[in-house]
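The values are calculated or read from the model by the stated rules, or taken from the named source; none is laboratory data. Just so you know, these numbers come straight off a predicted model, no measurement behind them. We place every Cβ from the backbone using ideal geometry, glycine too, and count neighbours over all the protein chains shown.
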């Protein structure tokens with residue numbers, strides 16, 4: 001159930017633009033709830049949503065520099081350093097020198113990282129079913145299309 005203020009704003013109560021303000025608040029509330037569920041599901045694995053995103057990216061992009069991970073994931077530099085440090089401390093990733101530039105490092109998934117990624121995918125699938133299972137496939141595709149249009153609008 002949504003809190004009273006949000007419901008009132010979405011209904012247009014509250015003056016000009018209250019429904020747009022309410023829509024933004026609804027999107028933020030939805031994001032926060034899903035992120036909280038995901039973090040709770042991932043916590044036993046020793047990672048959070050951001051760490052999971054990095055683990056997901058590594059098999060897609062292969063050994064990759066932190067700089068390129070930042071570009072692909074849209075995470076700021078200091079946050080990325082912290083995430084990689086946490087994942088490395090947990091034995092999930094390693095920093096390895098790149099053959100092309102001995103001064104540079106590539107982030108690679110370790111065997112333990114592969115195992116945790118597999119378990120995290122299952123946890124994410126469960127959270128996804130709980131969260132989006134009420135939506136039909138056409139509704140899910142429509143939601144994705146709408147959110148993409150909002151995210152890509154400049």
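Criterion first (in contact (Cβ under 8 Å) with a residue 60 or more places away in the chain and out of contact with any strand residue (DSSP E or B) (no Cβ under 6 Å at 6 or more places or on another chain)) does residue 124 satisfy it? Can you show your working first?
On the way: in contact (Cβ under 8 Å) with a residue 60 or more places away in the chain: yes; out of contact with any strand residue (DSSP E or B) (no Cβ under 6 Å at 6 or more places or on another chain): yes.
Yes, satisfied.
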Among the residues listed as 34, 75, 47, 70, the single one being within 22 Å of residue 151 (Cβ to Cβ), in contact with a helix residue (DSSP H, G or I) (Cβ under 9 Å, 6 or more places away or on another chain) and part of a loop (DSSP other than H, G, I, E, B): 75
Being surrounded by 13 or more Cβ atoms within 10 Å (Cβ to Cβ) and at pLDDT 85 or above is the filter; apply it to segment 10-23 and report the residue that is farthest from residue 146 (Cα to Cα). 18
Pairs, please: C-beta under 9 Å, at least 6 apart or cross-chain, first residue without any contact (Cβ under 8 Å) to a residue 24 or more places away in the chain and in segment 69-95, second part of a loop (DSSP other than H, G, I, E, B) and surrounded by fewer than 16 Cβ atoms within 10 Å (Cβ to Cβ)? 70/76
Members of segment 63-100 found to be surrounded by fewer than 11 Cβ atoms within 10 Å (Cβ to Cβ) and at positive phi, listed by number: 74
Look at residue 125 and say whether it is loosely packed, with under 12 Cβ neighbours inside 10 Å and over 22 Å from residue 41 (Cβ atoms). no
Does residue 42 count as within 22 Å of residue 91 (Cβ to Cβ), at pLDDT 90 or above, in a helix (DSSP H, G or I) and in contact with a strand residue (DSSP E or B) (Cβ under 8 Å, 6 or more places away or on another chain)? no
From the list 109, 117, exactly one residue is surrounded by 13 or more Cβ atoms within 10 Å (Cβ to Cβ), under 23 Å from residue 36 (Cβ atoms) and in contact with a strand residue (DSSP E or B) (Cβ under 8 Å, 6 or more places away or on another chain). Which is it? 117
Residue that is nearest to residue 60 (Cα to Cα) [pool: residues in segment 82-125 that are at pLDDT below 95 and not in a strand (DSSP E or B)]: 98
